[in-house]
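Undergrad: Let me begin by handing over the structure; questions about it come next.
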Amino acid sequence: MKILITGGAGFIGSAVARAVIGKSVDQILILDKLTYAGNLASLRPVADSPLFAFLQADICDAVAVARAFEDFQPDVVMHLAAESHVDRSIDGPTAFIETNVVGTFVMLRAALDYWRRLDRARARAFRFMHISTDEV
């Protein structure tokens, strides 16, 4: 199985990546913008695995997201990328709207476009999971 994880350099996403690579033969592609919440060091334990790939990209970048879908051909999307922390949302709400609303829309649109091109069996099995904190 191929799993695309957005926000995969963050606290939760990196834990998911480490667990998947440590307990399965599934391939993962981490797509992360590497903002204040992303830390490549958290992925160091799996960085040398042939099952691991990393793409530094913004989920608001529709071209980069579409290319990730096309190149990686995921079976599952785990969308964890988000702006969080209430204090940050008060100080800079624009980033929250862009990432959490626009970015999620870009991801959903890219997933739908990709899904429509899949054969019937792969389309039936494809999953898009949006996983987030209560702050989002």
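The values are calculated or read from the model by the stated rules, or taken from the named source; none is laboratory data. Quick caveat: nothing in here was measured; it's all calculated off a predicted structure. All Cβ positions, glycine included, derive from the backbone under ideal geometry; neighbour counts span all protein chains shown.
Undergrad: Looking at region 46-63, I want the residues that are modelled with pLDDT of 95 or more and have a partner that is surrounded by fewer than 17 Cβ atoms within 10 Å (Cβ to Cβ) with Cβ atoms under 6 Å, at least 6 apart or on another chain. Which pairs are those?
TA: Hits for this filter: Gln56/Leu34; Cys60/Glu98; Cys60/Val102.
Undergrad: Surrounded by fewer than 20 Cβ atoms within 10 Å (Cβ to Cβ), over 13 Å from the mean Cα position of the chain (by Cα), modelled with pLDDT of 95 or more and not in a helix (DSSP H, G or I) - does that describe any residue in region 105-119?
TA: yes
Undergrad: Separate question: Any idea which of (1) touching a residue at least 12 places away in the same chain (Cβ under 8 Å); (2) surrounded by 13 or more Cβ atoms within 10 Å (Cβ to Cβ); (3) farther than 16 Å from Gly10 by Cα; (4) more than 14 Å from the chain's Cα centre (by Cα) is the one Glu70 doesn't satisfy?
TA: (2)
Undergrad: Based on this model, can you work out whether Ala95 counts as surrounded by fewer than 18 Cβ atoms within 10 Å (Cβ to Cβ), farther than 18 Å from Ile131 by Cβ and not basic (Lys, Arg)?
TA: Working: surrounded by fewer than 18 Cβ atoms within 10 Å (Cβ to Cβ): yes; farther than 18 Å from Ile131 by Cβ: yes; not basic (Lys, Arg): yes.
Yes, satisfied.
Undergrad: Return yes or no: is Met129 loosely packed, with under 14 Cβ neighbours inside 10 Å, in a strand (DSSP E or B) and modelled with pLDDT of 95 or more?
TA: Criteria met by Met129.
Undergrad: Go through the residues of region 36-43 one by one and say whether even a single one is out of contact with any Cys (no Cβ under 7 Å at 6 or more places or on another chain), at positive phi and not in a helix (DSSP H, G or I). Step through it out loud before you land on a result.
TA: Taking region 36-43 and keeping what is out of contact with any Cys (no Cβ under 7 Å at 6 or more places or on another chain), we get 36-43.
Subsequent filtering for residues that are at positive phi retains none.
No, every residue in region 36-43 fails to be out of contact with any Cys (no Cβ under 7 Å at 6 or more places or on another chain), at positive phi and not in a helix (DSSP H, G or I).
Undergrad: How about region 1-31: which of its residues are touching an Asp or Glu at 6+ places or on another chain (Cβ under 9 Å), of a type outside the set (A, V, I, L, M) and either surrounded by fewer than 24 Cβ atoms within 10 Å (Cβ to Cβ) or not in a helix (DSSP H, G or I) (or both)?
TA: Residues satisfying the conditions are Lys2, Thr6, Gly7, Gly8, Gly10, Asp26.
Undergrad: Cβ contacts < 6 Å: first residue closer than 17 Å to His79 by Cα, restricted to region 108-136; second residue part of a helix (DSSP H, G or I) and at pLDDT 95 or above, any location; separation 6+ or different chain. Result?
TA: Pairs found: Ala110/Val65; Ala110/Ala66; Ala110/Phe69; Tyr114/Phe69; Trp115/Ala123; Phe126/Trp115; Phe128/Ala111.
Undergrad: Now for a separate question. Condition check: in contact with a helix residue (DSSP H, G or I) (Cβ under 8 Å, 6 or more places away or on another chain), closer than 23 Å to Arg117 by Cβ and charged (D, E, K, R). Does Glu70 satisfy that? Even if it seems obvious, please write down each step before you answer.
TA: Details: in contact with a helix residue (DSSP H, G or I) (Cβ under 8 Å, 6 or more places away or on another chain): yes; closer than 23 Å to Arg117 by Cβ: yes; charged (D, E, K, R): yes.
When the stated conditions are applied, Glu70 passes them.
Undergrad: Here's another thing I want to ask about it. Inspect region 34-53 for any residue being under 16 Å from Thr104 (Cα atoms) and surrounded by 14 or more Cβ atoms within 10 Å (Cβ to Cβ) and give the result as yes or no.
TA: no
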